[in-house]
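**Student:** Take this structure first; my questions come after.
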């Protein structure tokens with residue numbers, strides 16, 4: 001079909017979820033080891049990312065922001081066997097670097113960033129296993145001081161291990177980057193990469209307070 | 001541009017290369033620490049992949065086959081600073097498993113599988129560094145005994161370290177898989193994953209002998 005569907009991402013890293021589910025803000029009761037009903041989690045997030053710009057330098061930047069994550073209905077009622085699928089539908093993080101200036105990270109809406117929470121294969125015999133969360137993310141990094149907008153073509157794989165409640169609010173996580181993840185210039189998207197993400201550590205925050213829509 | 005270009009992949013993991021370069025078969029002289037002219041390498045490859053099929057089991061399968069890799073003109077004449085970009089334009093591997101039956105691995109032509117060879121950032125001060133090769137690959141795994149055709153939506157990242165000649169014929173490499181890489185059923189592509197790749201080790205072979213085209 002040649003007709004573009006509004007907001008239909010060109011690339012999907014996994015299943016697309018129904019967003020017609022409750023929008024969840026603070027306060028919420030999260031019960032450990034219990035599959036929750038479907039919902040959209042509005043959570044804080046912090047991240048420390050390191051960027052390498054060949055010939056210029058390596059820069060580590062702290063980010064602060066929030067995410068909106070759609071969660072599917074769990075596949076079973078049992079913590080040990082259940083699987084939950086996720087779509088990251090909003091991401092806003094802001095950081096400041098003395099050298100690079102301000103950096104804003106948002107989602108690349110050409111991609112559907114998707115993930116899942118399930119029991120790791122090596123813990124399948126446990127009655128109350130810690131679960132693992134993985135999410136493949138397409139992002140845009142805007143650096144107005146440098147007049148640059150960068151994006152990744154290979155997804156950034158964000159993982160959280162030792163998940164004992166859903167959502168894993170407060171859990172630390174990692175970007176699984178082997179040496180380097182190439183970043184491309186939006187204005188010259190078919191050319192060689194201009195920078196690299198070399199490491200990423202993050203921490204999921206807790207539920208946000210709902211702010212009235214303008 | 002709305003007009004579809006023939007064979008134009010929907011997803012590109014990096015820059016697309018000119019394939020109008022010499023097609024290289026055995027015998028070739030590969031000189032260590034020397035950037036070679038652009039070309040297409042026809043090389044053997046072997047791989048050991050482990051698949052997890054939830055509820056069924058985990059299966060390790062040995063594969064044997066060949067690849068065709070386009071290499072770009074090196075960005076400089078100097079080994080230490082040069083960068084070479086690659087496109088994997090053909091992949092054929094065959095394996096047999098007692099449980100899963102025969103498995104054929106080919107490229108997913110919806111994706112352009114791309115890579116690069118460059119000096120790792122932590123070796124940039126060395127005069128004759130070992131280089132690193134990385135390639136993001138979209139593949140199709142055909143399992144006729146099970147009537148299944150599987151594909152990955154997140155690229156498989158294949159890496160080769162300690163690269164002292166280009167191409168890195170004979171070098172071992174790894175699929176950088178954190179716990180699991182989801183595989184989807186071509187016939188039900190929007191649904192949940194049906195299997196996972198849990199590990200992958202490979203070894204690049206040497207140049208193939210040219211066989212007359214039928």
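The values are calculated or read from the model by the stated rules, or taken from the named source; none is laboratory data. In this text the structure is predicted, and so the values were computed from the model without any measurement. Counting neighbours? That spans all protein chains shown, and the Cβs are built from the backbone with ideal geometry, glycine included.
**Student:** Can you tell me which condition residue A:174 does not meet? The list is (1) crowded, with 16+ Cβ neighbours inside 10 Å; (2) under 20 Å from residue A:116 (Cβ atoms), and all the others hold.
**Tutor:** (1)
**Student:** Answer with yes or no whether residue B:112 is free of Cβ contacts under 8 Å to residues at least 60 places away in the same chain and in contact with a strand residue (DSSP E or B) (Cβ under 8 Å, 6 or more places away or on another chain).
**Tutor:** On the way: free of Cβ contacts under 8 Å to residues at least 60 places away in the same chain: no; in contact with a strand residue (DSSP E or B) (Cβ under 8 Å, 6 or more places away or on another chain): yes.
No.
**Student:** I want to confirm something. Restricting to segment A:159-197 and keeping residues that are part of a strand (DSSP E or B) and closer than 24 Å to residue A:126 by Cβ, which single residue is nearest to the other protein chains (Cβ to nearest Cβ)?
**Tutor:** So the first thing to find is which residues in segment A:159-197 are part of a strand (DSSP E or B), and the list is A:159-163, A:172-175, A:181-185, A:195-197.
Adding the requirement that they be closer than 24 Å to residue A:126 by Cβ leaves A:159-163, A:172-174.
On the way: A:159: 6, A:160: 11, A:161: 9, A:162: 13, A:163: 13, A:172: 15, A:173: 11, A:174: 9 Å.
The selected residue is A:159.
Okay, residues lined up against (1) touching a helix residue (DSSP H, G or I) at 6+ places or on another chain (Cβ under 8 Å); (2) within 14 Å of chain A (Cβ to nearest Cβ); (3) at pLDDT 95 or above:
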position: B:3; (1), (2), (3): no, yes, no
position: B:31; (1), (2), (3): no, no, yes
position: B:37; (1), (2), (3): no, no, yes
position: B:50; (1), (2), (3): no, yes, yes
position: B:67; (1), (2), (3): no, no, yes
position: B:75; (1), (2), (3): no, yes, yes
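**Student:** Mind listing whichever residues of segment A:81-101 are within 13 Å of chain B (Cβ to nearest Cβ), assigned to a strand (DSSP E or B) and either free of Cβ contacts under 8 Å to residues at least 40 places away in the same chain or over 14 Å from the mean Cα position of the chain (by Cα) (or both)?
**Tutor:** Of everything in segment A:81-101, just one residue is within 13 Å of chain B (Cβ to nearest Cβ), assigned to a strand (DSSP E or B) and either free of Cβ contacts under 8 Å to residues at least 40 places away in the same chain or over 14 Å from the mean Cα position of the chain (by Cα) (or both), namely A:84.
**Student:** Still on this structure, please answer the following. Can you name the residue in segment A:121-158 that is surrounded by fewer than 17 Cβ atoms within 10 Å (Cβ to Cβ) and facing another protein chain (nearest Cβ under 10 Å) and, of all such residues, is farthest from residue B:15 (Cα to Cα)?
**Tutor:** The extreme case among them is A:124.
**Student:** Any residue in segment B:191-202 that is out of contact with any strand residue (DSSP E or B) (no Cβ under 6 Å at 6 or more places or on another chain), loosely packed, with under 14 Cβ neighbours inside 10 Å and free of Cβ contacts under 8 Å to residues at least 60 places away in the same chain? So that I can check it myself, show each step before the final result.
**Tutor:** Start the filter on segment B:191-202 by keeping residues that are out of contact with any strand residue (DSSP E or B) (no Cβ under 6 Å at 6 or more places or on another chain), which leaves B:191-192.
Then keep just the ones that are loosely packed, with under 14 Cβ neighbours inside 10 Å; that gives B:191.
Narrowing further to those that are free of Cβ contacts under 8 Å to residues at least 60 places away in the same chain: B:191.
Checking segment B:191-202: at least one residue is out of contact with any strand residue (DSSP E or B) (no Cβ under 6 Å at 6 or more places or on another chain), loosely packed, with under 14 Cβ neighbours inside 10 Å and free of Cβ contacts under 8 Å to residues at least 60 places away in the same chain.
**Student:** Name the residue, out of A:17, A:43, that is out of contact with any helix residue (DSSP H, G or I) (no Cβ under 7 Å at 6 or more places or on another chain), in contact (Cβ under 8 Å) with a residue 60 or more places away in the chain and within 14 Å of chain B (Cβ to nearest Cβ). Lay out the reasoning, then the answer.
**Tutor:** Values: A:43 fails: within 14 Å of chain B (Cβ to nearest Cβ).
On inspection, the qualifying residue turns out to be A:17.
**Student:** What number goes with the only condition from (1) assigned to a loop (DSSP other than H, G, I, E, B); (2) in contact (Cβ under 8 Å) with a residue 24 or more places away in the chain; (3) surrounded by 17 or more Cβ atoms within 10 Å (Cβ to Cβ) that residue B:210 does not pass?
**Tutor:** It is condition (3) that residue B:210 fails.
**Student:** I would also like to ask the following. Tally up the residues in segment A:102-120 that are within 14 Å of chain B (Cβ to nearest Cβ) and part of a strand (DSSP E or B), please.
**Tutor:** Initial filter on segment A:102-120 (within 14 Å of chain B (Cβ to nearest Cβ)): A:108, A:110-120.
From what's left, part of a strand (DSSP E or B): A:111-118.
Here the count works out to 8.
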